[in-house]
Each structure stands twice: as structure tokens, then as C-alpha cells.
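Worksheet: one structure, shown below.
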Amino acid sequence: MTNPLNTLAFDTARWEQFLGETARRHHVPGIVAGVLRIDEATGREQRFVASTGLANNRTGVETTRDTLCQIGSVTKIITATMIMQLREEGKLELETLASELLPDTPLSTKDDGSKITIRHLLSHTSGINGDVFTDTGRGDDCIEKYVALLKDAEPLFSPGNGWSYCNSGWVVLGRIIELLDGRTWDASVQARISQRLDLHQFLTLPEQIMSHRYQHGHTRDTGSKDWVPAPTTALPRSVGPAGIINSSVDDLLDFGRSFLRGGLGVAGTNVLSPESVELMAQVQADLGDADALSPQWGLGWILDEWEGHRLFWHGGTTVGNKAWFQVLPDDGVVIVVFCNGGIANRAGGEIVEAFAREFVGASTGAGVSPSGPASETVVKDEWLGTYGDFITSVEVFKAEDGQVKAKLTQGIDPSSVTSTLFDILPTAKPNRFVSRPDSLSTWSQLTFTTVDGHPCLYADIRCLRKRDEAEAAA
């Protein structure tokens with residue numbers, strides 16, 4: 001039910017002051033955020049968009065309402081929407097095998113990769129090694145080349161027998177869209193989403209983005225308090241369907257609006273049917289030990305609730321950028337927040353909490369935190385060892401003083417590999433722990449468990465398989 005609002009709810013000046021205070025407290029260079037609300041009784045739409053700070057610390061360009069921001073993995077909802085459109089057109093079903101649509105493209109080193117369905121890909125249950133970020137160039141064939149390389153990636157589990165956040169699976173979905181549409185994924189975004197919803201700042205390619213004000217990401221070295229413009233502007237085009245769209249807050253609010261209107265766009269054009277909108281928000285996976293973000297996942301959407309208020313949402317992370325995109329269908333509310341550096345998780349969390357209280361009348365809830373110091377951490381010997389996926393390795397071991405440590409090694413290519421040592425702190429739940437590199441970072445959740453009969457470590461929402469001694473030494 002729509003929450004009664006005070007007279008200042010849509011006062012942009014009030015929210016810009018709040019964003020400015022939040023940005024200063026958490027060292028965020030620039031923030032753009034907005035809320036769209038549809039009144040349940042009258043159908044009247046209201047929105048505000050507020051901004052503060054700088055789009056780029058180096059250039060001094062200010063962040064404004066129309067600044068383009070990297071939405072990161074919120075892109076997956078756009079890719080999912082296009083897949084659901086293809087389903088409505090009778091070109092595929094949720095149980096269609098990816099191997100039927102990609103007959104000459106193995107998706108795994110194992111034969112059971114041929115059993116991966118569209119539903120598996122949309123719900124992160126395919127078992128494909130998720131964090132493959134290979135740059136296959138800027139050509140229109142980059143997604144085709146990327147998907148062809150997945151045959152060399154060891155799967156994390158057999159299809160449908162586990163859950164792990166999977167960027168790679170979304171690139172596979174993007175390739176399926178290309179084949180069924182007979183054009184690039186980027187072109188399908190424009191034809192299937194932007195044109196139907198009359199979006200003008202929903203862009204994927206640098207040559208499109210460079211004529212607009214653009215929010216650059218900012219990063220820092222561990223231990224430093226200075227955030228500087230990130231050395232990498234964006235993710236490679238080859239992983240586009242998983243996370244490269246740039247959007248203004250207004251355009252993303254308009255996209256979210258269609259999910260409040262049963263798939264109907266501003267100009268009266270349907271982007272989806274009401275049945276598809278509901279289907280996307282139905283539970284496909286109970287996450288169990290992978291519940292760092294939420295307890296359940298739908299077709300693309302993360303599913304949760306705020307004190308009984310139904311929520312489907314997605315976040316986005318690129319180099320030095322964070323995004324939040326939340327739809328509360330029963331309250332008629334869409335929330336969008338973009339931060340381009342600083343302690344973005346804390347800043348974004350506070351902003352979303354303030355919006356939730358104002359426009360929904362609910363709290364978002366507390367995040368994970370330690371229940372005691374590192375000296376109280378107890379990890380059974382059977383869980384010690386090395387865990388990893390395509391680009392990440394986590395070694396869990398006991399130091400000479402008996403304290404449990406984790407060494408994180410990560411990198412897309414050998415020239416960019418970094419290693420960081422973490423303390424592991426306990427939580428109230430057995431086999432679940434938290435860690436972070438320093439006090440300016442947010443807590444990451446570590447959970448030891450078994451997936452598809454194999455010991456694994458969940459690092460937040462990523463499943464890392466335990467390696468045997470030979471694999472760990474390699």
C-alpha cells in the first residue's frame with residue numbers, strides 16, 4: 001500500500017543537501033539519485049532527481065541530474081527483459097537448452113554443460129564459471145568470440161545443482177539475443193528497450209557516451225584515504241550483456257516504471273506483458289548459504305522484502321562505481337542511486353534507507369557484521385585450504401599464532417594479479433564469517449558449505465570450489 005508522504009518528500013533541494021552530507025561523510029566524489037512514485041489512489045506520478053559533487057575529481061566537472069552513470073550489473077535486468085520478450089514472441093522457452101540455440105558452442109569443459117537451460121542462465125544456477133572477463137575486442141563479433149572461450153572454463157557445479165552469481169551466463173544470454181535478433185546485443189538494447197520506452201540516455205558504446213556528461217569511477221589503494229579516477233573507464237564490450245549500460249537516473253526510473261505499470265511504457269508501448277513482469281519476480285532459487293544479498297532470486301531480479309514490503313531489485317558494480325535499482329511494486333516506488341567512489345556501499349546504503357523510510361515507510365534492515373574479534377574465530381580444519389574460480393583464489397589457513405587468515409589473490413590477467421591478507425571474524429551463524437581489508441571497506445561474507453557434493457566457500461554471492469593440493473599449487 002502506498003505510504004502517505006509529507007510535503008517535503010519531493011523537495012529536490014532537501015535531498016541534495018542530504019546527498020551532499022552523505023557524500024562528504026563517506027568520501028564519495030559524486031552522487032546522483034532519484035525516486036519515482038505512483039500514487040495508488042489517483043495513479044498520479046511524481047519523481048525527483050538530486051545530485052551532488054563531482055563526476056570526475058581530476059577534471060572538476062560537476063555531477064548533475066542528466067549525468068550518465070554506469071549501471072553495471074543492473075544491465076542484467078535489461079538483458080533478462082529482452083529474453084522475456086523473445087519468449088513472448090515464441091522464439092524460446094525457459095526450459096529451452098542453450099545448446100539448441102548455440103549448437104556449435106560448448107559452454108563448459110564438462111558434457112553436462114549441454115544441459116544448461118535459459119532458466120538456469122537467468123537464475124544463476126547454470127554452474128558456468130561466472131567471473132570470466134576476457135576482452136575480445138571492440139568488434140561486433142566480440143560477444144560471439146567471448147562465448148566461444150567458455151569451453152575452457154571449469155564449471156562450479158552441474159546445472160541446477162547449485163547457485164553462484166554468474167556474469168558469464170549473462171553474456172551467453174546476450175549471444176542468444178544476437179542470434180535470434182540477427183543484430184548486435186547493443187542494437188537490440190536500442191530497438192527493444194530504448195525505442196519502446198522512449199529512452200534517450202540508455203547507452204552502451206563510448207562513442208555514444210562521450211557527447212554526454214559522464215560519471216567516472218574512483219578507486220583507492222588499500223590503506224589509502226584518497227580516491228582518484230579509476231585507471232579503467234569501463235568493462236570491455238565483450239561482457240556487455242552482463243554490465244556495460246550507462247544511463248541517466250531519469251531513464252532508469254522510466255525503465256523501472258514499466259514494471260510498476262505491468263510492462264507499459266510512458267508512450268503506451270508495452271515492453272513486456274503483465275504475465276512476464278510477474279514471472280520475472282517469481283522465486284527461481286532459494287540461496288541458502290549464498291544469501292549475502294538476499295534469500296531468493298527470480299529471473300534476473302534479486303527478491304527480498306523490507307518489513308513486509310515486496311521488493312525486487314539489482315545492484316551494479318564496475319571499476320570505482322556502484323549502482324542501486326529497486327522496485328517496490330505494491331508501493332508504486334522505484335529507487336535509483338549512483339555513487340562514483342568513496343565508501344560507496346555505506347553511502348548508498350544510507351541513501352536507500354532514507355528513501356525507504358520516506359517513500360515506503362519501512363527500513364531496509366541491518367547488514368552483516370562480526371559478533372566478536374578475530375581471536376574468537378574457529379574454523380574446522382576440514383575447511384582450511386584453497387578455494388577458487390576463474391579469476392579468484394582464497395587461501396584459508398591458520399597463522400603461527402593460531403589465528404585464522406584468508407589470502408585473496410585476484411586478477412583478470414597475470415600482469416594485474418593482486419594479493420591481500422585478511423583477518424576472518426566470526427558471526428552468530430556457524431561456518432559464516434566476515435572479513436574486510438581495512439576500516440574504510442565494507443564487510444564481505446564468507447560461508448563454508450557443500451555445493452553439488454563438493455566443499456565450497458561462498459565469498460558473498462560467488463561460489464568458490466575447494467581445490468585439491470595439485471590444483472592449489474598450480
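The values are calculated or read from the model by the stated rules, or taken from the named source; none is laboratory data. Being a predicted model, the structure only gives us computed values, none of them experimental. Positions of Cβ are backbone-derived with ideal geometry, glycine not excepted, and every protein chain shown enters the neighbour counts. Keep in mind that these areas ignore ligands, DNA and RNA; they rest on the heavy atoms of the full protein, side chains included. Shrake-Rupley method; radii C 1.70, N 1.55, O 1.52, S 1.80 Å.
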Notebook entry, point to check: What are the ³J(HN,Hα) values, in whole Hz, obtained from phi via the Karplus relation 6.51 cos²θ - 1.76 cosθ + 1.60 with θ = phi - 60°, for each residue of the stretch 300-308 in sequence order, with x given for Gly and Pro?
Noted result: x, 6, 7, 10, 7, 8, 10, 6, x
Margin query: Whole angstrom only: what separates the Cα centroid of the stretch 119-134 from the Cα centroid of the stretch 71-103?
Written below: 13 Å
Checklist line | Positive minus negative residues near Trp185 (Lys, Arg vs Asp, Glu; Cβ under 14 Å) | finding: +1
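Hey, can you find the accessible area per residue of the chain for me, probe 1.4 Å, expressed in square angstrom? Mind dumping the intermediate values first?
Numbers: 19070 Å² over 474 residues.
Value returned for the chain: 40 Å² of accessible area per residue.
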Checklist line | Average Cα contact separation per residue, the stretch 322-474, under 8 Å, 6 or more apart, as relative contact order % | finding: 17 percent
Note to self: Within the chain, which is the longest segment that contains none of the GluC sites (Glu not before Pro) sitting in a DSSP loop with at most 14 other Cβ atoms within 10 Å?
What the structure shows: 96-306
Next item on the list: Can you pull a Stokes-Einstein diffusion coefficient for the stretch 283-442 at 4 °C (1.567 mPa s), Rh from Kirkwood over Cα pairs, as a whole number of µm²/s?
Entry: 72 µm²/s
Margin query: Can you give the FRET efficiency to the nearest 0.05 for Phe10 and Glu400, using r as the Cβ-Cβ distance and R₀ = 41 Å?
Written below: 0.10
Note to self: For Ala285, what residues show an amide H to amide H distance below 5 Å, using hydrogens built from the backbone and excluding near sequence neighbours?
What the structure shows: Trp297
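What net charge is computed for the residues neighbouring Thr109, neighbours being all others with C-beta under 12 Å from the C-beta of Thr109, Lys and Arg scored +1, Asp and Glu -1? List each step's numbers first, then the result.
Details: positive: Lys110, Lys151; negative: Asp111, Asp112, Asp152, Glu154.
With Lys, Arg at +1 and Asp, Glu at -1, the net is -2.
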Next item on the list: May I ask you to compute the full-extension gain from Arg58 to Arg183, defined as 0.36 nm times their residue separation minus their alpha-carbon distance, rounded to one decimal in nm?
Entry: 41.2 nm
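Based on DSSP H runs of at least 4 residues, each adding -39500 (n - 2.57), what is the mean residue ellipticity at 222 nm of the chain after dividing by all its residues, to the nearest 500 deg cm²/dmol? Let's see the in-between values first.
Working: 13 runs with 111 residues, N = 474.
After summing the helix terms and dividing by residue count, I get -6500 deg cm²/dmol.
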Note to self: Less than 13 Å Cβ to Cβ from Arg65, Lys/Arg counted +1 and Asp/Glu -1: what total charge do the surrounding residues give?
What the structure shows: -3
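Quick one: with all protein chains in place, what share of the accessible area of the chain is carbon or sulfur, to the nearest percent (1.4 Å probe)? Mind dumping the intermediate values first?
On the way: 9220 of 19070 Å².
Here carbon and sulfur together make up 48 percent of the probe-accessible area.
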Next item on the list: Would you indicate which of (1) 43, 31, 25; (2) 33, 28, 22; (3) 48, 25, 21 is the value of semi-axes √(5λ) of the Cα gyration tensor in Å derived from the coordinates of this structure?
Entry: (2)
Notebook entry, point to check: Ordered by residue, what ³J(HN,Hα) values in Hz, to whole numbers, does the stretch 438-451 give under the Karplus form 6.51 cos²θ - 1.76 cosθ + 1.60, where θ = phi - 60° and Gly and Pro are x?
Noted result: 7, 6, 8, 9, 8, 5, 9, 9, 10, 10, 8, 7, 10, 10
Note to self: So, R0 is 30 Å and r is the distance between the beta-carbons of Asp452 and Lys151; what FRET efficiency does that work out to, to 0.05?
What the structure shows: 0.90
Item checked: ³J(HN,Hα), Karplus 6.51/-1.76/1.60, whole Hz, each residue of the stretch 257-266, x for Gly, Pro -> 4, 4, 7, 7, 9, x, x, 8, x, 4
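Give the residue list of trypsin sites (Lys or Arg not before Pro) in the stretch 150-235 that are DSSP loop and have at most 15 other beta-carbon atoms within 10 angstrom.
Details: sites: Lys151, Arg175, Arg183, Arg192, Arg196, Arg213, Arg220, Lys225; in loops: Arg183, Arg213, Arg220, Lys225.
Sites meeting the loop and neighbour criteria: Arg183, Lys225.
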Check: Expressed as a rounded percentage, what relative contact order does the stretch 256-312 have, with Cα pairs under 8 Å and six or more residues apart?
Finding: 20 percent
